[in-house]
Amino acid sequence: MKIALLGEPGSGKGTQAKSLAKKYGFPHISTGDIFRKEIAGNTDLGLQVEEYVKSGRLVPDELTFKIVSQRLEFNDCTRGFFLDGFPRTVEQAETLSAKLTQEKRPLDKVLYLQMTEEEVVKRLSSRRECDKCRRIYNLISQPPQTPDVCDLDNGKLVQREDDVPETIKKRLVVFANLTEPLISYYRGEGVLETINGDRPIEEVSKDIYGILDPLKK
Ligand code: AMP
């Protein structure tokens with residue numbers, strides 16, 4: 001089951017990819033999570049990507065592809081994976097497609113979680129994450145039991161540095177200019193499935209199961 005999830009920041013692709021990985025037993029590969037971890041660990045890669053991530057710009061294609069390509073070589077990816085936040089440009093999609101076609105394991109489906117801009121801004125401004133386990137909350141639709149405290153490990157709930165209004169705006173422009181063209185790219189490839197992402201998480205998940213269950217072997 002080789003799947004990529006596409007969607008604007010805040011569309012819920014990370015939340016969906018995480019639970020799909022658990023349900024179907026394939027790894028969840030999030031380029032955003034990889035970059036944030038490297039930044040937090042002050043690694044060489046972290047230092048290279050920090051400015052891009054914090055300002056809401058895209059990390060250069062070549063570097064991003066190298067990271068994903070190395071991850072896809074791990075044994076746990078042989079039979080399937082859920083890519084979250086990658087590809088994000090047509091160039092990334094083309095390089096990925098060349099690699100996967102050569103390895104005879106092309107993407108089965110690309111799930112596009114479509115949302116209205118109004119809902120995206122609302123979700124991103126109310127998104128918080130645990131500074132220990134990184135669980136995601138939403139102050140409106142999925143609040144923690146105690147304000148600012150993670151239900152799982154009492155970690156502190158913080159706002160991502162790129163979830164502030166100025167950077168949110170920049171990320172939406174980046175999406176419109178660089179990532180939106182991927183929708184027609186994958187439609188042309190015949191693998192695109194568009195899902196209305198404006199609805200509650202469980203409803204979106206149900207639609208996704210309807211698409212992915214038939215791929216189970
Ligand atoms: P995300 O968590 O997917 O919203 O990603 C957070 C940030 O990481 C983005 O705003 C970019 O700076 C960087 N990033 C994540 N995925 C990619 C990608 N495929 N290409 C370039 N930059 C990326």
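The values are calculated or read from the model by the stated rules, or taken from the named source; none is laboratory data. Model, not experiment: these values are computed from the prediction. All Cβ positions, glycine included, derive from the backbone under ideal geometry; neighbour counts span all protein chains shown. The area values use the complete protein model at the heavy-atom level, side chains included, leaving out ligands, DNA and RNA. Shrake-Rupley method; radii C 1.70, N 1.55, O 1.52, S 1.80 Å.
Looking at Ser55, Ser30, Ser11, can you tell me which residue is over 22 Å from Ser184 (Cβ atoms), within 18 Å of the chain's Cα centre (by Cα), open to solvent by less than 20 Å² (accessible area, probe 1.4 Å) and among the hydroxyl-bearing types (Ser, Thr, Tyr)?
None of the others qualify; the one that does is Ser30.
Counting only residues that are in a loop (DSSP other than H, G, I, E, B) and surrounded by 18 or more Cβ atoms within 10 Å (Cβ to Cβ), how many does the range 126-139 have?
Residues flagged as in a loop (DSSP other than H, G, I, E, B) and surrounded by 18 or more Cβ atoms within 10 Å (Cβ to Cβ) within the range 126-139 amount to 1.
Among the helices (runs of 4 or more DSSP H) confined wholly to the range 1-85, which include 3 or more residues that are within 13 Å of the ligand (Cβ to nearest atom) and within 16 Å of Glu103 (Cβ to Cβ)?
The qualifying helices (runs of 4 or more DSSP H) are 61-72.
Every residue in the range 102-125 that is open to solvent by less than 60 Å² (accessible area, probe 1.4 Å), in a loop (DSSP other than H, G, I, E, B) and either out of contact with any Phe, Trp or Tyr (no Cβ under 9 Å at 6 or more places or on another chain) or among the acidic types (Asp, Glu) (or both), please.
The answer is Arg105, Asp108, Met115.
Cβ-Cβ below 9 Å, separation at least six or inter-chain, first residue in the range 43-60 and closer than 13 Å to Arg88 by Cβ, second within 10 Å of the ligand (Cβ to nearest atom) and among the aromatic types (Phe, Trp, Tyr): which pairs?
Going by the 9 Å Cβ cut-off, the qualifying pairs are Tyr52/Phe35; Val53/Phe35; Leu58/Tyr52; Val59/Phe35; Val59/Tyr52; Pro60/Tyr52.
Does Leu157 satisfy the condition of being outside any loop (DSSP other than H, G, I, E, B), within 15 Å of the ligand (Cβ to nearest atom) and more than 23 Å from Lys23 (Cα to Cα)?
No: the conditions fail for Leu157.
Go through (1) in contact with a helix residue (DSSP H, G or I) (Cβ under 8 Å, 6 or more places away or on another chain); (2) surrounded by fewer than 18 Cβ atoms within 10 Å (Cβ to Cβ); (3) of a type outside the set (D, E, K, R) for Ala98 and report which single condition fails.
Every condition holds for Ala98 apart from (1).
Suppose we keep only residues that are hydrophobic (A, V, I, L, M, F, W, C) and open to solvent by 80 Å² or more (accessible area, probe 1.4 Å) within the range 140-172. Which one would you say is nearest to Leu113 (Cα to Cα)?
So, considering only residues that are hydrophobic (A, V, I, L, M, F, W, C) and open to solvent by 80 Å² or more (accessible area, probe 1.4 Å), the one nearest to Leu113 (Cα to Cα) is Ile140.
Please name all residue pairs, on different chains or six or more residues apart, with Cβ atoms under 8 Å, provided the first residue is in the range 10-27 and is under 17 Å from Thr78 (Cα atoms) and the second residue is of a type in the set (Asp, Glu) and assigned to a helix (DSSP H, G or I).
From the range 10-27, the pairs are Phe26/Asp76; Pro27/Asp76.
Name every residue in the range 58-81 that is out of contact with any Pro (no Cβ under 7 Å at 6 or more places or on another chain) and surrounded by 15 or more Cβ atoms within 10 Å (Cβ to Cβ), in order of residue number.
Leu58, Val59, Asp61, Thr64, Phe65, Ile67, Val68, Arg71, Leu72, Gly80
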